[in-house]
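This report concerns only the one structure given below.
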Amino acid sequence: MTPTPDTVAAADTPSGLVLASKEESVKLARDYTDEYVTAHLPTIGDEPRDDLRLVVSELVTNGIRYGTEPNDKLRLVLSHNPDEIRVEVHDTRRRPPHFRPESDERMRGRGMFIIDALATWGVADRPMGKIVWAVIKW
């Protein structure tokens with residue numbers, strides 16, 4: 001991953017991508033995911049690749065909005081087996097994600113419904129925060 005300006009502060013590490021708690025980081029997470037798939041899973045097909053990009057976008061967005069404070073960082077970790085990929089977002093808050101009631105007035109709050117429809121997911125504790133993970137199979 002090409003280094004980016006400190007305003008977004010992404011760093012490719014052996015255990016994933018470290019991102020600033022800023023909305024701009026969502027695009028960096030998708031780009032990193034595309035690079036990962038191209039390098040490790042080039043034959044997975046368009047549908048799983050699109051599902052993966054959407055799940056990564058939603059998990060990172062939720063991590064930024066609800067799992068971090070300003071100036072915090074979060075980590076995106078991808079790993080795979082021949083028939084699945086695991087996405088992890090490590091953030092700094094312990095509060096688990098939750099489903100929000102549907103609303104015609106609000107243009108937000110559908111992320112967990114999307115993740116639930118496309119993947120198996122869960123939450124694990126970690127020191128100083130949590131990991132929200134999702135597994136997509138094909």
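The values are calculated or read from the model by the stated rules, or taken from the named source; none is laboratory data. Note that the coordinates shown come from a computational prediction; the quantities given were computed from them, not determined experimentally. Here the Cβ positions follow ideal geometry from the backbone for every residue, glycine too, while neighbour counts run over all protein chains shown. Keep in mind that these areas ignore ligands, DNA and RNA; they rest on the heavy atoms of the full protein, side chains included. Shrake-Rupley method; radii C 1.70, N 1.55, O 1.52, S 1.80 Å.
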With respect to the numbered conditions (1) under 13 Å from residue 135 (Cα atoms); (2) open to solvent by 70 Å² or more (accessible area, probe 1.4 Å); (3) in contact with a Lys or Arg (Cβ under 6 Å, 6 or more places away or on another chain), which one is the sole condition not fulfilled by residue 81?
(3)
The listed residue being out of contact with any strand residue (DSSP E or B) (no Cβ under 8 Å at 6 or more places or on another chain), open to solvent by less than 80 Å² (accessible area, probe 1.4 Å) and not aliphatic (A, V, I, L, M), out of 46, 31, 51:
31
Scanning region 1-22 residue by residue, those at pLDDT 95 or above and open to solvent by 60 Å² or more (accessible area, probe 1.4 Å) turn out to be 22
Can you tell me which residues in region 127-138 are under 16 Å from residue 75 (Cα atoms) and either in a helix (DSSP H, G or I) or modelled with pLDDT under 95 (or both)?
127, 128
Taking residue 125, is it open to solvent by 70 Å² or more (accessible area, probe 1.4 Å) and either closer than 17 Å to residue 17 by Cα or touching a residue at least 40 places away in the same chain (Cβ under 8 Å) (or both)?
no
Residue count for region 94-122, restricted to those that are open to solvent by 40 Å² or more (accessible area, probe 1.4 Å) and modelled with pLDDT of 95 or more
5
